Amino acid sequence: MSTILGTIITDVRNWWWFIVKGLLLIIAGIAIFSRPLEGYVGLSVLFSVVMLGAGLAQIFFASSNSNVLKGWGWTLASGILDVVIGIYLLSFPLVTMATLPFILGFWLLFRSFYLIGASFDLRGLGVTDWGWLLFGGILSSLLGCFVLYYPGAGAISIIYVSGSAFVVAGIFNFYLSLKLKAMKNAVTQVKERLQHG
């Protein structure tokens, strides 16, 4: 039993990458709100950079936790997709500006599905408060649908919806990192009790 616990403790490392990802998203959301006049052009570049950074963080997390996470391949695939799209969008900024509402909407939906799946994974592991992550996934999904259904609503509305979506996604990625850390700490405590008990 202690060998299994030791493996989990060792393997659920780098949980803090979700904090990095969450902070990137929150900072992006705040930047969008603080400079709405520079808006659309800045948003397209910022979105590309955030996708690239979030993808790299997710690839690193998935790679370093492949031995313990059941769905690590989905996390890896999600990270690779973010990196590829981020590089493409940085390479072709005019395409980014022309298609931003659709790219952003689908990206938010993809992110929301990931958060919803992670919430059910946490529930399966017996983690309390998994419902908050589910709530964050549903909220991100609604914001993504809004962006997709109203792409012509104007630059100002997409700026504010995008800023809100980045902040919400950032908060719930931060929340996920805290749950992963708590899970690692709980396993550490059980292992210590087994060794001293």
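Return a yes/no flag: does region 145-153 have any residue that is at pLDDT below 80, outside any helix (DSSP H, G or I), surrounded by fewer than 19 Cβ atoms within 10 Å (Cβ to Cβ) and in contact with a helix residue (DSSP H, G or I) (Cβ under 6 Å, 6 or more places away or on another chain).
yes
For V187, only one of the following conditions fails: (1) open to solvent by less than 50 Å² (accessible area, probe 1.4 Å); (2) under 17 Å from the mean Cα position of the chain (by Cα); (3) more than 18 Å from F18 (Cα to Cα). What is its number?
Failing condition for V187: (2).
Being under 15 Å from the mean Cα position of the chain (by Cα) and among the hydrophobic types (A, V, I, L, M, F, W, C) narrows it down to one residue among A31, A54; which is it?
A54
Those residues that are surrounded by 15 or more Cβ atoms within 10 Å (Cβ to Cβ) and of a type in the set (A, V, I, L, M, F, W, C), I need them from region 156-177; list them, please.
I158, I159, V161, A165, F166, V167, V168, A169, I171, F172, F174, L176
Taking region 154-184 as the search range and keeping residues that are of a type in the set (A, V, I, L, M) and closer than 13 Å to I26 by Cβ, which one is modelled with the lowest pLDDT?
Here is the first cut: in region 154-184, the ones of a type in the set (A, V, I, L, M) are 155-156, 158-159, 161, 165, 167-169, 171, 176, 178, 180, 182-183.
Among the residues that remain, those that are also closer than 13 Å to I26 by Cβ are: 165, 167-169, 171.
Details: A165: 84, V167: 91, V168: 89, A169: 87, I171: 91.
For region 154-184, the residue satisfying everything is A165.
Return the total of residues in region 81-132 being assigned to a helix (DSSP H, G or I), open to solvent by 80 Å² or more (accessible area, probe 1.4 Å) and among the β-branched types (V, I, T).
Result for region 81-132: 2.
The values are calculated or read from the model by the stated rules, or taken from the named source; none is laboratory data. These figures come from a predicted structure and were not determined experimentally. With ideal geometry, Cβ positions are generated from the backbone for all residues, glycine too; neighbour counts draw on all protein chains shown. Calculation scope for accessible area: heavy atoms of the full protein, side chains included, ligands and nucleic acids excluded. Shrake-Rupley method; radii C 1.70, N 1.55, O 1.52, S 1.80 Å.
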